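Beneath this line is the structure, given in structure tokens, with notes to follow.
The values are calculated or read from the model by the stated rules, or taken from the named source; none is laboratory data. Predicted, not measured: the structure shown is a model, and the values here were computed from it. Methodologically, a virtual Cβ is constructed for each residue, glycine included, from the backbone with ideal geometry; neighbour enumeration extends over all protein chains shown. Just so you know, the surface numbers come from the protein's heavy atoms only, side chains and all, with ligands and any DNA or RNA stripped out. Shrake-Rupley method; radii C 1.70, N 1.55, O 1.52, S 1.80 Å.
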Amino acid sequence: MRLFPQRDAFARVALLRLHLMQRAVFLFAILASLRIDAATVEGKVRFESDAMPGCTIRLRNSDWSWTGRTDGAGHYQFDGVGDGEYEIVFEFEGFFQESQRVLVRGESITLPIQEMTAVEVDGMGSDCWGPHGDVTDDPANWNDLLNRAEEAVRFHDSLDGTQRAAAREALTIVSKDPRARSLMLRVLDTNDEGLVLLAINGLVEQRDLASMPLIESAIDRFPEDSFMRRMMLERYRAMLAP
């Protein structure tokens, strides 16, 4: 029988409080260190002095990778970025690509405004190319690409991010080949601005003048203040140029 049961209970409560305080101090130290090491990287993207919405931004190094898109004001932001050197890549529907190096040292960074240049990018992964050059010269590769391009049209909304990127990449490649003309005309009937832009670009590259009325109809479906519509018109005008 304990002589002082009440004193023992007080001692247990005191030890429990001490233990909880030690854990709280430990957790606070961890959170503090995380807060010091984590930074925000943000900025804006423009094209010809206008905000560029829907631009894909990738911030990455050998250990970490973040992907995001610019909002309606062309703004992007990545939170929780640890110290280190990163590459930040700006891409827009296969028509623009810019990159730069970013050094993070515990403080948040607002990068200079990224001005995009209207240079078309070959959006072709290394796995799409055979040992002898252009994949479209190989019937087996061509059929595989055409099937993946079909997925971009038929199942676009149900594909995950990786599948959607691969399908769009295939669509970018086949869009410039006359053998894919019927698929490009089907793409013009979709409501996906990015896919329609890819189709228009392919038909322009083919100088497919017979498709001009369908291209005009597709462009007219999108809002006049849409950035993507502006890009469609720019590509369409290239077809009209001598």
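Protection proxy ranking for 172-178, 66-72, 184-190, using the average of other Cβ atoms within 10 Å per residue and placing the highest first: 172-178, 184-190, 66-72. Taking the 1.4 Å solvent-accessible surface of region 146-242 as the whole, the part contributed by carbon and sulfur is 50%.
Neighbours of Glu115, meaning other residues whose beta-carbon lies under 14 angstrom from its beta-carbon, give a summed charge of -1 when Lys and Arg score +1 and Asp and Glu score -1. Remark: region 184-191, residue by residue, has Karplus-estimated 3J(HN,Hα) of 4, 5, 5, 4, 4, 8, 7, 9 Hz, where x stands for each Gly or Pro and the curve is 6.51 cos²θ - 1.76 cosθ + 1.60 at θ = phi - 60°.
With R₀ set to 22 Å, the beta-carbon distance separating Arg101 from Ala165 gives a calculated FRET efficiency near 0.40.
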